[in-house]
1. Find the residue count for region C:109-152, including only residues that are in a loop (DSSP other than H, G, I, E, B) and at the interface with chain B (Cβ under 7 Å from one of its Cβ atoms).
2. Among the residues of region C:10-27, is there at least one that is more than 13 Å from chain B (Cβ to nearest Cβ), more than 30 Å from residue C:115 (Cα to Cα) and either of a type in the set (Ser, Thr, Tyr) or open to solvent by less than 40 Å² (accessible area, probe 1.4 Å) (or both)?
3. Just to verify a result, which residue in region C:202-217, among those that are of a type in the set (Gly, Ala, Ser) and crowded, with 24+ Cβ neighbours inside 10 Å, is nearest to the other protein chains (Cβ to nearest Cβ)?
4. Among the candidates A:140, A:228, which residue alone is away from chain C (no Cβ under 14 Å), more than 15 Å from the chain's Cα centre (by Cα) and not in a helix (DSSP H, G or I)?
5. Go through region B:256-282 and give me each residue that's in contact with a Ser or Thr (Cβ under 8 Å, 6 or more places away or on another chain), within 11 Å of chain C (Cβ to nearest Cβ) and buried (at least 23 other Cβ atoms within 10 Å of the Cβ).
6. Output the residue which, of all residues in region C:159-188 that are open to solvent by 30 Å² or more (accessible area, probe 1.4 Å) and among the β-branched types (Val, Ile, Thr), is farthest from the other protein chains (Cβ to nearest Cβ).
7. Going residue by residue through region A:170-186, is there one that turns out to be open to solvent by 10 Å² or more (accessible area, probe 1.4 Å), over 28 Å from residue A:31 (Cβ atoms) and not in a helix (DSSP H, G or I)?
8. Restricting to region B:143-172, give me the number of residues that are open to solvent by 20 Å² or more (accessible area, probe 1.4 Å) and either within 27 Å of residue B:230 (Cα to Cα) or modelled with pLDDT of 90 or more (or both).
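The values are calculated or read from the model by the stated rules, or taken from the named source; none is laboratory data. All values reported here derive from a predicted model rather than from experimental measurement. Note that each Cβ is placed from the backbone with ideal geometry, even for glycine, and that neighbours are counted across all protein chains shown. Ligands, DNA and RNA are stripped out before the accessible areas are found, and what is left, the full protein with its side chains, is counted by its heavy atoms. Shrake-Rupley method; radii C 1.70, N 1.55, O 1.52, S 1.80 Å.
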Amino acid sequence: MEQRDVILRVRDLNFYYGKKHAVQGVSMDVEKNRITALIGPSGCGKTTLLRCFNRMHDLYAGNRHEGEIIFKGKNILDKDTDVTSLRSEMGMVFQKPTPFPMTIFDNIAYGLRLKGIKNKTELADRIEKAIKQAALWDEVSDRLNTSAGGLSGGQQQRLVIARALAVEPDVILFDEPTSALDPISTGKIEELMTSIKNKVTIVIVTHNMQQAARISDYTAFMYLGRLVEYDKTDVMFTAPNEKLTEDYITGRFG
Amino acid sequence: MDAKRTRAVNGVFSGVTFLSSFTVIMAVLGIFACLCLESAPAVREYGFFRFITETRWDYAENVFGGFRPLAGTVLTSAGALLIAVPVAIGIAVFITELCPSFLKGSISMAIELLAAIPSIIYGMWGLFTFAPLIENTLQKWIGGTFGQIPFIGSFFSAQYAGGVSIFTASLVLSIMIVPYIASIARDTFSQTPAILKESAYGIGATKWEVIRDVVMPYCKTGTNSGIIIAAGRALGETMAIAYVIGNRHGPLNSLFDPYTTITSVLANEFNEASGLHMSSLFLLAFILFIANFATLTAAKIYIRKKVNR
Amino acid sequence: MITGYARRKITNAAALVLSACAAALGLFFLFYILADVLRHGIMSINLKLFTLDAAPPMMAGAEGGLRQAFAGQLMLTGGAVLIGVPLGILGGTFLAEYGRFSKIGRFISGLSDITVSMPSIIIGTFIYSILVKPFGGFNGWAGAAALAVIMLPIVIRTTEEMMRLVPWTTREAAFALGAPYYKVITQVVWRGAAAGIFTGILLSVARVAGETAPLLFTSFNNNFLTFDMSGPMPSLTVTIYQYAASPYEEWVKLAWAASFVITLFILIINILGRQFIKWRYKN
């Protein structure tokens, strides 16, 4: 592979849920301002790997990592990493929309207020910018002060993306963001991801191989906790090196 | 023939079960009717409004006003809630968010056991151990610190010995209602969807910020209903209060004055009362019944409204 | 920015420390109360407590126990179980089965929830006016009835909940064999819910065993052993209440001993009952 602008450098990453060895010796470089898709059958470790990037596993007891994930010149798996500030630089979007029980405005303001932004005009400006980036402005501009629970599922998911974008993270991690959505909403989210990649690096876990093929620049195929193959998406989907990748992509298993 | 018999037996059985469940309605109606009838003489004598504003409770003059017991009930319950709500929510936060999982079960059970200890045991402990302790510690300290302030200082100084007071009663009551709020808050906290919490962590919120901004708003309905139910319990709590309130029919001038509540006056005087005195006690019981019933009904309606929305 | 972030970290740590303190406070008071009851009560626990009746105070060399109160407590609680349990189980059966979609069923279920939290002293005044005043004096039946009124909504609601836990498909399987509804209930649903209902009854017994307020105006108290439910009946709780307030050291000691026994009994039932439910309904 040619010289790339790497934002996340993963080296010999191992992850254990108690005794279960869920991620086994993964090494990969995630390129900046590109979309990297993690694919593989259920239980292959792709979501586990994604959740290592923002140390989400720390919330639960009995988990353990080994290895390195270098982000901004520092191993984020180090004990002294400040996970709270790490997470504000690394947004996350989940399978289901997760609007907080607040208004649309407050949902997006939330992360900004945590960062200490209290100035009303600055807040309003950044919120408008984030909602516009998330292609939601036309639909919600007249009801920013209503509860976020009143939006449709697709709108809620774009709201959550706007919330992640508002704090201007370096990376946004997407964990099957469209698995609970209809095809039209899915299309909008995919379009949105492509339109924001010049501002933010995207790592997406997906079950949907067409989705990976449509939007990603790089694709990593995982199987049973191991990284089987990782390459440019067009290479992966046209001329994979590994038999296992080919079998998966052509739907022969999984 | 056989099918007919089967249908008859089923009919009888369903009728018996219906009548059994109907006894709950009968009991509630019976309580309402009895308390109404028995308190009628007092209502005739004073009128409802004069009864609840009359401060005197005097056997010699045969005047019985409900103001002080009512005020005592409201004040002790409010004081207890003031202390119990933050403590109980703290306990729920600890159990759901901080506690190592192997301790969760035992700590939850221990807190719930606080609700299983009989009221009279709280009373024994309160009278013989806790009240003297309060007298020698908190009461002394508060009196020494705030007692010197002009005009309002006397409100913080003790006039009576023994440590039995409206202050001690509120403290004991707060310990008794903590488990009701804590266990409901814990149940609702633990039902907050994990990915909702994770998405708040995901934009860099600290644990406390996640609890304050996501878990607590999400669980507002459940926690509030727990608080209302605890308020209903506090209003009707009897034996513990009867031990530590001091049962004094006098004006309340200090936080550390002995006072009276509806339940303590009932427990202390009911068996020796007759005539107007008895009827006034029934009227107090009736007011308590309505207050408790209204509080708990409000909790039910509140939950139903919020959940259906 | 830095200070804002540092302040957030400090607030976080402070809030979490405070929540741990709240939990410690709750535990502290539980153990404080239990230790206090143990400390005062354990010295007066001996065989005589259970075999002798109360002795008049201040009598030289008089030795007394609380046999009469233990016996009375058993009879009052037993009476309450006799009245409250069958009514509660049958009533709960209506709510979970025949009445489960009816307005009246839902109403009674809600009303029972409210009645569970009704002040027990109010139930005492109610029973006084229907079972004491008309019959000319305190009596054991009135005490048992007052406790039964307290038990009833608890047993009704537990029965309802436990029967609802039995999957609907289980009933359908029995219907498919041609069983009539009452047989489905008595032979299939009750059997499936039995462990839960039984535990619920045990917990409700623990609840009423500690009740004092409803007995004050109904069964009152008696310093002599009696098996006559139509006269005043002694109970542990009312005895504690009266003896604790008495000026006689011997009686105060007996009150602590009774407190110890009753607390121990209630805690054991609660712990075993809760563990059993947890174990039984793990899935």
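1. Total satisfying the criteria: 3.
2. Checking region C:10-27: not a single residue is more than 13 Å from chain B (Cβ to nearest Cβ), more than 30 Å from residue C:115 (Cα to Cα) and either of a type in the set (Ser, Thr, Tyr) or open to solvent by less than 40 Å² (accessible area, probe 1.4 Å) (or both).
3. C:213
4. That would be A:228, the only listed residue that is away from chain C (no Cβ under 14 Å), more than 15 Å from the chain's Cα centre (by Cα) and not in a helix (DSSP H, G or I).
5. Within region B:256-282, B:261, B:262, B:263, B:264, B:266, B:267, B:281, B:282 meet the criteria.
6. By that ranking, first place goes to C:169.
7. So far as region A:170-186 goes, yes, one or more of its residues are open to solvent by 10 Å² or more (accessible area, probe 1.4 Å), over 28 Å from residue A:31 (Cβ atoms) and not in a helix (DSSP H, G or I).
8. 3
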